[in-house]
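Everything below concerns the one structure shown next.
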Amino acid sequence: MTMSDAATTETRDELVALTRRLVSIPSHEDETACGDAIESWLREETDADVTRDDHGNVLARKGTGTSLALVGHHDVVPPDESQVEDSGEFVVEERDGRLYGRGTADMKGAVAASMLAFRDADPAGELVFASFVGEETGGEGARGAIADGFAPDYAIVGEGSTNYSGTDVTDVAVAHKGRRASTVVAHGSAAHASEPEAGANAVYRACDAVDVIRELDVPEAEVFGERLSGSVVVTEIDGGSAWNVVPERCAVTVDERTVPGEYAELERVEAIEGVEWVIEQDLPPMRCDDADFADRVLDAARRVHDARGDETPAQVTKPHATDAGRLAEAGTTCVIYGPSEPGEAHTKDESVSLDVLERCYGTYRVAAASWPSE
């Protein structure tokens, strides 16, 4: 394979410029302006069928047949004050081969790389581009699109997978954990603290529930030889109204990281008198269900890494929930491949490597260009 698997200097410059443009647009409270920029670019630069759905998602399609989607999101978490210009635009700075700014890593850099790869690839099958809203607040955009019938056969989701197996390598994540947030509520009856036997102490019942949680087995799963372990942890407790009143209510917040096909048996707390368990949010895990597809994306990544002289990537698992979980739950076969590195997203110094953005563009383009078969 030749250096054509890597981006040209012109394409790199275009990639940097597009990333800068998207990052400069605030999208933590309202994604409309950033969605407008993505939509207008796709209409100007491609002949694809470009749509903006009722949720604000930007979708584009070209070709026919078995579909491959390049998926991202253009919303971001709220910025640090240092990441905002006086004009209201977001700060974007380039230094030492990296772009700094809110959303550079999570994940407008990957969105820009996907947009360019979508434009430049000419596959035999259908190629889809999707940038969702609301990923950072529970996946509202992905949920809405799926409910409306968005159902690509396969997807490469551009969330972070860089520097998992080693330094300066972008891996292919074949699974990730989900997150189930729940509340254990213990009910009792109030009484004066001088006569505690006259009431039923909700805090004691909540503590009994916490003891049950601490003894739960942590689920595990294996995907293509990679191990994924879940976790369960109590993160908040709130109960009581005054120092001299036996508490009648106590709530315990539980953060559970789930794995494909398995949950911890949190329902066991309801065996305790006066205790109920309420699920507040359930972000599904992801497991790639097609080893051939995972291998094909890994092969594309290796071709690009080799052409650039980079280290060889591997298949890995990822600890964070993404929109890939919802897509997989709806029947899309997914892998994750993207520029963000562990510990980079959501920080006041968030940044992304320009070399890695170029690497991601190359992998997306190579994978799409050979779709659905060599």
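Computed from the coordinates by the stated procedures, all read-outs in this text should not be read as laboratory data. None of the values given here were measured: they were computed from a predicted structure. Note that we place each Cβ from the backbone using ideal geometry, even for glycine, and neighbour counts take in every protein chain shown.
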Legend entry - Virtual spin-label span in nm between residue 66 and residue 194, 7 Å along Cα→Cβ: 7.9
Inset, instruction - Please check which bits of the stretch 91-115 a label hung off residue 85 would reach, taking the label as a point 7 Å along Cα-to-C-beta and the cut-off as backbone N under 15 Å. - result: 91-94, 100-102
Inset, instruction - Positive end of the charge dipole of the stretch 178-282 (Lys, Arg +1 and Asp, Glu -1 on Cβ, about the Cα centre): tell me which of 229, 201, 272 has its Cα farthest that way. - result: 201
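Within the chain, what is the number of lysine pairs with alpha carbons under 23 Å apart, leaving out pairs fewer than eight places apart on the same chain?
6
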Legend entry - Relative packing of peptides 79-92, 126-139 - highest average C-beta neighbours within 10 Å first: 126-139, 79-92
Legend entry - log10 of Debye I(q)/I(0), alpha-carbon scatterers only, for the stretch 178-282 at 0.12 Å⁻¹: -0.45
Legend entry - Positive-end residue of 145, 185, 294, charge dipole of the chain with Cβ unit charges: 294
Inset, instruction - Extending each Cα 7 Å along its Cβ direction at residue 278 and residue 151, get the distance between those two points in nm, one decimal. - result: 3.4
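Could you sort 294-306, 348-360, 143-155, 106-118 so that the peptide with the highest average Cβ count within 10 Å comes first and the rest follow in order?
Details: 294-306: 21.1, 348-360: 22.6, 143-155: 17.5, 106-118: 29.4.
With the highest mean Cβ count within 10 Å placed first, the list reads 106-118, 348-360, 294-306, 143-155.
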Inset, instruction - Please give the peptides 171-180, 223-232 ranked by average Cβ packing (other Cβ atoms within 10 Å per residue), highest first, as a rough proxy for protection. - result: 171-180, 223-232
Legend entry - Within the stretch 78-116, backbone nitrogen closer than 18 Å to the virtual label 7 Å beyond the Cα of residue 36 toward Cβ: 87-90
Legend entry - Descending semi-axes in whole angstrom, ellipsoid equivalent of the chain, from the Cα gyration tensor: 43, 23, 19
Inset, instruction - Subtract the Cα-Cα distance of residue 245 and residue 13 from 0.36 nm times their separation in residues, and report this length gain in nm to one decimal. - result: 76.9 nm
Inset, instruction - Provide the FRET efficiency to the nearest 0.05 for the residue 329-residue 53 pair, computing r from the beta carbons and using R0 = 30 Å. - result: 0.95
Legend entry - Projected area, mean over directions - the stretch 241-297, Cα convex hull, nm²: 6.2
